[in-house]
Every structure is written in structure tokens, then in C-alpha cells.
Amino acid sequence: KTKNWKVLSFNRIGDNEIGYLTPVEENKEIPFLIKRVYYIYNVPEEIERGFHAHRKLEQVLICMNGSVDIKVDNGYEQEIIRLNDPAKGLYIGPHTWREMLSFDASTVLVVLASQTYDESDYIRNYSDFIDVRDKLL
Ligand code: TYD
């Protein structure tokens with residue numbers, strides 16, 4: 001029943017004069033080995049994405065530009081986390097339902113993932129998500 005998500009704060013190297021640089025390394029700022037990177041962009045403002053969970057996948061979402069609300073839900077507890085800072089990341093562990101809401105037209109959301117793409121790792125139906133969760137107890 002524990003929350004399997006966490007906001008991560010990354011280093012910001014630099015200042016307003018020269019701008020900023022944020023490094024993220026696998027097994028350091030990112031709590032897994034990074035096997036895949038993808039990015040979501042040019043999302044119309046009325047579109048909502050996600051609406052799935054993963055069986056094994058771990059991800060860190062970083063909003064590089066613009067803003068997006070991420071709704072995370074472990075079946076017991078829900079939270080909405082606004083991402084609008086490239087020096088922050090949202091870690092999402094397995095068995096967490098996520099929805100991506102309130103995109104800006106300018107939003108660029110980068111996702112670092114622990115596994116390559118595998119459709120069989122997805123749980124795309126909320127009631128299946130609850131069934132799987134109940135079997136894990
Ligand atoms: P999906 O994960 O459903 O996106 P979202 O939750 O943002 O709406 O993926 C959308 C489509 O892209 C789906 O057909 C699978 C494909 N896809 C890949 O081929 N590789 C990937 O790494 C990802 C994340 C998705």
C-alpha cells in the first residue's frame with residue numbers, strides 16, 4: 001500500500017548569467033540502469049495521455065519545457081504532481097497507474113526507462129490494474 005513514486009531533485013550547475021546544466025546518471029540520480037529514453041511533445045492542450053500502469057518498468061519523468069500534471073495512483077492513494085522544472089524528476093515504480101494531464105502546447109516530457117519497450121508489461125485497463133494489485137497482496 002506504499003506510494004511507489006517520488007519527486008527527485010537534481011543538481012543545477014550554473015547561474016542566471018550563464019544558464020544551467022543538470023546532469024543525471026544511471027544508478028545515481030536515476031535509481032536504475034537506463035535502457036530507453038523517449039519524449040512526449042506537441043501534445044494538444046485538451047489531450048490526456050497515459051492511463052496505464054506497468055508490471056515491472058521503472059521510469060523517471062522530467063519536464064524539459066512547459067508544464068504537465070502527472071496523476072499517480074497505487075489503487076489506494078492518488079496524488080497529482082505538477083512537473084514544470086527540468087531540475088526535478090518524478091520516479092514512478094511498478095504497479096502505479098499514471099495519467100498525464102494539462103499539457104501546455106510547449107511541454108516536452110522526457111522519460112527515462114529501466115527496460116526497452118514491451119507491450120506485455122503494460123496494464124491498460126484500470127480494473128485489471130486493481131485485480132493485479134489485489135493478487136500481489
Ligand atoms: P503509450 O505508452 O501508450 O503512450 P502514452 O501513455 O503517452 O499515451 O505509447 C503510445 C504508442 O507508442 C504505443 O503504440 C506504443 C508506442 N511506443 C513505442 O513504440 N515505444 C515506446 O518506447 C513507447 C513508450 C511507446
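The values are calculated or read from the model by the stated rules, or taken from the named source; none is laboratory data. Just so it is clear, the structure is predicted and the values come from calculations on it, not from any experiment. In this analysis, Cβ positions are derived from the backbone assuming ideal geometry, glycine residues included, and neighbour counts consider all displayed protein chains. The accessibility values were calculated without ligands, DNA or RNA, using every heavy atom of the protein model including side chains. Shrake-Rupley method; radii C 1.70, N 1.55, O 1.52, S 1.80 Å.
Numbers below:
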quantity: Matching residues in the stretch 12-32 - criterion: being closer than 14 Å to VAL111 by Cα and either outside any loop (DSSP other than H, G, I, E, B) or within 16 Å of the ligand (Cβ to nearest atom) (or both); calculated: GLU26, ILE30, PHE32
quantity: All positions within the stretch 33-51 that are of a type in the set (A, V, I, L, M), in contact with a strand residue (DSSP E or B) (Cβ under 8 Å, 6 or more places away or on another chain) and in a loop (DSSP other than H, G, I, E, B); calculated: LEU33, ILE34, VAL43
quantity: Number of positions in the stretch 82-137 that are out of contact with any Leu (no Cβ under 9 Å at 6 or more places or on another chain), open to solvent by 30 Å² or more (accessible area, probe 1.4 Å), more than 14 Å from the ligand (Cβ to nearest atom) and within 25 Å of ASN27 (Cα to Cα); calculated: 4
quantity: Qualifying residue in the stretch 52-61 (condition: exposed (fewer than 14 other Cβ atoms within 10 Å of the Cβ) and part of a strand (DSSP E or B)); calculated: no
quantity: The one condition in (1) near the ligand (Cβ under 10 Å from one of its atoms); (2) surrounded by 19 or more Cβ atoms within 10 Å (Cβ to Cβ); (3) over 27 Å from PRO23 (Cα atoms) that ASN74 fails to fulfil; calculated: (1)
quantity: Test: GLU79 is among the acidic types (Asp, Glu), touching a strand residue (DSSP E or B) at 6+ places or on another chain (Cβ under 6 Å), open to solvent by less than 100 Å² (accessible area, probe 1.4 Å) and away from the ligand (no atom under 16 Å from the Cβ); calculated: yes
